[in-house]
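**Student:** Pasting in a structure now, in structure tokens, and then I'll have a few things to ask.
Each reported figure results from applying straightforward, stated rules to the coordinates on display, with no laboratory input. Source: prediction; values computed, not measured. Virtual Cβ from ideal backbone geometry, glycine too; neighbours counted across all protein chains shown.
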């Protein structure tokens, strides 16, 4: 293969990967499979048919700690409507025992996932924690919120995914 053709193939591959990764409203959320804190694994693809809130967090993140009680209340209020909440911990940046203590202290009764390699964080092109992604039942991202989420912003994101695709 000549040099120019090789460069074109590398560029095309890079563009294709860039188009397949990250999140933005109106696009299908990238699939992932992660270990659950309580054992087993969870895949986003398996939750199609359900509205999903994905929250990226870390135990050392004070804004994360501050927003978790609102997420707990929202999950309790809407789980009967099929809402799934996936709390993805940046496990590659902390100790698992700290994750478990945080979850217990804050009464996180929803699914806690461990991003042990940081790959999911990279696929979602995370800039900051916390970050919250709202995915409708068809798997389409409806909203992304970087930074601590207010009660009003959480309610708005939930309205967008609970009303159907």
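**Student:** Under the rule a/c < 1.5 gives rounded, and otherwise a/b versus b/c splits prolate from oblate, where does segment 23-162 land using the Cα gyration tensor?
**Tutor:** Verdict is rounded for segment 23-162.
**Student:** Figure the gain on full extension for residue 155 and residue 94 (residue separation times 0.36 nm, minus the Cα-Cα span) and round it to one decimal in nm.
**Tutor:** Extra length available between residue 155 and residue 94 comes to 19.0 nm.
**Student:** Kirkwood Rh over Cα pairs of segment 31-98 into Stokes-Einstein at 4 °C, 1.567 mPa s: D in µm²/s?
**Tutor:** 98
**Student:** Please determine, in degrees from 0 to 90 and to the nearest 10, the orientation of helix 151-162 with respect to the longest principal axis defined by the Cα atoms of the chain, where the helix direction is its Cα long axis.
**Tutor:** Helix 151-162 and the main axis of the chain meet at about 60 degrees.
**Student:** While we're here: By how many degrees, 0 to 90 and rounded to 10, does the Cα axis of helix 3-20 deviate from the longest principal axis of the chain?
**Tutor:** 20
**Student:** What is the chain's relative contact order, in percent, from Cα pairs under 8 angstrom and six or more apart in sequence?
**Tutor:** 30
**Student:** If you count the DSSP beta bridges with both ends in the chain, what percent of them are antiparallel, to the nearest 5?
**Tutor:** Here the antiparallel bridges make up roughly 60 percent for the chain.
**Student:** Another question, if that's okay. Along Cα→Cβ, 7 Å out, is where each label goes; now give me the distance between the ones at residue 24 and residue 76 in nm to one decimal.
**Tutor:** Modelled inter-label distance: 3.8 nm.
**Student:** Hey, what angle do you get for helix 96-105 against the long axis of the chain, alpha-carbon based, 0 to 90 degrees rounded to 10?
**Tutor:** Between the helix axis and the principal axis of the chain, the angle is about 40 degrees.
**Student:** How long is the gain from residue 146 to residue 62 if the chain were fully straight, where each residue apart is worth 0.36 nm and the alpha carbon distance is subtracted?
**Tutor:** Length gained, residue 146 through residue 62: 28.8 nm.
**Student:** Right, something else. Given axes a ≥ b ≥ c from the Cα gyration tensor, I'd like to know whether segment 112-165 is rounded (a/c under 1.5), prolate (a/b larger than b/c) or oblate.
**Tutor:** oblate
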